[in-house]
Structures are given as structure tokens and as C-alpha cells.
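Student: My structure is below; once you've seen it, I'll send some questions.
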Amino acid sequence: MGQSANQDSYPGEEVERVDVGEETFLRVLGDATASLEEASIEYGLMGGIASAVFGRPRWTLDVDIFLRPQDAGKAQEVLVRAGFEPKPSQHNWLRKCVKDRVLVDLSFTAKGGIYLDEEMLARIRPVAYRGLSLRVVPPEDLVVMKAIASDHDTPGYWHDALGIIAGSDLDWDYLLRRARIGPRRVLALLLHAEADDMVVPRQVIRSLFDSIYAEAGDGQPAAQGGARQMLAHLRERLAEDPRANELNIEAAFEEDALVLRGRVATPERRETVAAIAAELFPSTRIVNEVAVIRPAEDGRAETVA
């Protein structure tokens with residue numbers, strides 16, 4: 001497919017989101033999810049639909065589908081065969097399709113380096129939504145994802161997350177595990193929820209607080225907490241720096257080195273990621289284990305470096 005997703009440049013404008021009416025929107029939503037399921041592509045719905053399912057009722061103008069990175073190209077091709085039109089994207093973690101003026105976003109990384117992993121897949125719930133049976137990202141993961149992604153351009157994400165906390169029976173132990181990628185954001189969200197008289201177990205707040213601010217025996221902040229803060233700053237820099245705009249890079253301090261892992265589209269992007277890390281940590285040895293991934297002819301991912 002000539003326009004399917006292997007595009008390193010962005011030749012067009014953002015696709016306009018328009019209100020096509022509930023009947024058309026639901027039909028396109030059903031076409032998209034049914035096509036992915038018929039092709040045995042794992043996915044989970046997120047965005048406004050997921051927020052409405054697990055939290056406060058609200059409408060949305062687009063369909064947000066979360067996929068594994070290796071399935072993104074194939075998913076777009078499947079939708080094209082089902083009558084969707086592929087559209088260019090300015091983001092390397094997102095592919096787009098449109099049908100009957102309904103935009104379908106195919107995302108394979110969320111802010112903070114969050115993926116559709118096996119643990120998330122195992123908890124995806126088939127739910128009934130306006131006459132459709134849909135697979136939706138677990139509410140605990142949605143809370144974490146929205147807390148991390150919320151900013152001045154998307155303040156609604158924060159309130160979506162609060163709605164999910166108020167409206168869902170959450171597995172708090174699972175949420176704690178998932179919150180490790182952005183504990184400060186999640187802690188702030190849970191404190192907000194508690195201040196609004198939502199039920200948040202006190203031990204969950206205490207556990208998150210201790211993971212961030214636990215003190216060593218000499219009264220100084222624990223080194224682990226400081227490392228988390230530095231790594232969080234690096235992730236934000238990689239996501240926001242126009243040279244990279246990478247959300248799917250993981251970083252960890254291992255022995256005397258900063259180790260980078262993840263997937264990028266080109267060797268040049270791989271070197272850029274390491275260069276940005278070196279700018280932030282000029283005295284630290286950088287070990288670059290980031291892989292370069294390109295779509296193979298069958299639409300799946302192929303590691304080339």
C-alpha cells in the first residue's frame with residue numbers, strides 16, 4: 001500500500017475532527033474493530049471511548065486504538081482493505097486512517113514509553129458500548145496514561161482520569177505496578193481524587209509517596225528517587241525535543257552507565273537519542289541499545305540495527 005505507514009516526513013496537515021453524528025461514528029468504529037479482530041490483531045481502545053466506558057459520560061469525534069508496535073503497519077493495511085483511507089502523520093508513534101470523515105488513530109506508544117504489553121493485554125475487558133462489543137484498555141492503565149499525558153494542551157485527560165477513578169472498581173495493586181513509570185503524576189492525581197472525596201486507599205498513596213520521597217538513613221533523599229527524577233526528565237526531553245520526538249525510549253542507570261533501550265525508525269534517530277542523553281548527562285557513559293525498526297514486506301516489524 002503506497003501510503004501505509006512507512007513515512008519519515010509529514011507532507012500534509014492534521015486531519016480535521018468533525019462531528020458526523022452517532023450513527024456514522026458507531027458504524028465506522030464497528031468496522032475498524034471488527035476488521036482488526038478478523039485479522040487477529042491485538043488492540044485496546046483508549047481515548048474518549050474508553051473514558052466514557054469507565055468514567056464520566058462524554059462524546060468523542062475520533063477513534064483511538066492502541067496497538068503493539070509490530071502490528072501498526074499491518075493494522076493500517078487491514079483498515080485500508082476495509083475501505084479506510086490512510087493519512088500521513090507527523091508523529092512516528094502514530095498512524096492514521098479515515099472513513100466517512102471519522103478519524104481513526106492507531107497509536108503504538110503512549111507518553112512515558114508505555115506500550116501495549118502482555119500484562120495490559122491480559123486485562124483488556126470486552127465491554128458493551130452503544131450496541132457494540134469492544135475491547136478497551138484496562139481502566140488502571142488508562143488512569144496512568146492520562147495522568148502522564150495531561151498537559152496544558154490536553155487538560156481533559158486529567159479530568160478523564162478522575163472520572164475513571166470515581167466510576168470504576170480499580171485493582172489498586174495493579175495500578176501501583178503500572179504507576180512506576182510516572183509515580184509523581186499518578187500521586188498528584190490520586191491526591192486530587194482524594195481531595196474531591198473519591199475513595200483512594202491510603203496505603204496506595206503512601207506506597208507511591210514512599211517510592212518517590214523515601215529517605216536514606218542519613219536523612220538525604222534516596223539515590224533511587226533522584227535517579228527516577230533524572231530519568232523522567234530525560235524521557236520528557238526525548239519526547240519534546242524536535243530532533244527526536246521519541247516516546248518509546250526507556251532509560252536506566254546500570255552500574256556506571258546510562259543504558260538506552262527502545263525502538264526508532266532510522267539509524268540517524270538512534271544517534272540523536274544518544275546525543276540528547278549525553279547533553280543531559282555529560283559525565284555519564286551512555287550505552288545505546290536502541291534498535292532500529294523498519295516495516296518488513298509482510299507489514300510486521302523487522303530489526304535492522
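Student: Taking 30 Å as R0, compute the FRET efficiency from the Cβ-Cβ separation of Asn245 and Leu61 and round it to 0.05.
Tutor: After rounding to 0.05, the efficiency reads 0.80.
Student: Shifting gears a bit: Show which lysines lie in cross-link reach of Lys111 when reach means a straight Cα distance below 24 angstrom and same-chain residues fewer than eight apart are skipped.
Tutor: Lys74, Lys87, Lys96, Lys146
Student: Let me have the 222 nm mean residue ellipticity of the chain computed from DSSP H runs of 4+ only, each contributing -39500 (n - 2.57), with the sum over all residues rounded to the nearest 500.
Tutor: After summing the helix terms and dividing by residue count, I get -13000 deg cm²/dmol.
Student: Taking every DSSP beta bridge with both residues inside the chain, roughly what % is antiparallel (nearest 5)?
Tutor: Within the chain, antiparallel bridges account for around 70 percent of the total.
Student: Over segment 1-137, what is the percentage of antiparallel beta bridges among all DSSP beta bridges, to the nearest 5?
Tutor: Looking only at bridges with both residues in segment 1-137, the antiparallel portion is about 75 percent.
Student: Further question on the same structure: Please check which bits of segment 144-168 a label hung off Val199 would reach, taking the label as a point 7 Å along Cα-to-C-beta and the cut-off as backbone N under 18 Å.
Tutor: Hits in segment 144-168 for Val199 at 18 Å: 162-168.
Student: For the chain, modelled as a GNM with alpha-carbon contacts under 10 angstrom, which of Val199, Val259, Val80 fluctuates the most?
Tutor: Val199
Student: What is the extension gain from Phe209 to Glu37, computed as 0.36 nm multiplied by their sequence separation minus the C-alpha to C-alpha distance, in nm to one decimal?
Tutor: Full extension from Phe209 to Glu37 adds 57.9 nm.
Student: Let me ask something else. If neighbour count is taken as other Cβ atoms inside 10 Å, put Ile65, Ile164, Ile205, Ile124 in order from fewest to most.
Tutor: Fewest to most other Cβ atoms nearby, the residues stand as Ile205, Ile124, Ile164, Ile65.
Student: For segment 242-281, which trypsin sites (Lys or Arg not before Pro) are in a loop by DSSP, counting at most 15 other Cβ atoms within 10 Å?
Tutor: Sites meeting the loop and neighbour criteria: Arg243.
Student: About its Cα centre, what dipole magnitude does the chain give when the only charges are +1 on Lys and Arg Cβ and -1 on Asp and Glu Cβ, stated in debye to the nearest 20?
Tutor: Charge dipole, the chain, about its Cα centre: 140 debye, nearest 20.
Student: Subtract the Cα-Cα distance of Leu280 and Glu254 from 0.36 nm times their separation in residues, and report this length gain in nm to one decimal.
Tutor: 7.7 nm
Student: What does the net charge come to around Trp158 if you take all other residues with beta carbon closer than 10 Å to its beta carbon, with K and R at +1 and D and E at -1?
Tutor: Around Trp158, the surrounding residues sum to 0.
Student: Write down the radius of gyration of segment 1-137 and its Dmax, each obtained from C-alpha positions, in Å.
Tutor: When restricted to Cα atoms, segment 1-137 yields Rg and Dmax of 14.0, 40 Å.
Student: Kindly identify the chain as rounded, prolate or oblate by the Cα gyration tensor criterion: order the square roots of the eigenvalues as a ≥ b ≥ c, call it rounded if a/c is under 1.5, otherwise compare a/b with b/c, prolate if a/b is larger, else oblate.
Tutor: Oblate shape, in that a/c is at least 1.5 and b/c is the bigger or equal ratio.
Since every read-out is calculated from the coordinates, none of them should be taken as a lab result. Being a predicted model, the structure only gives us computed values, none of them experimental. Virtual Cβ from ideal backbone geometry, glycine too; neighbours counted across all protein chains shown.
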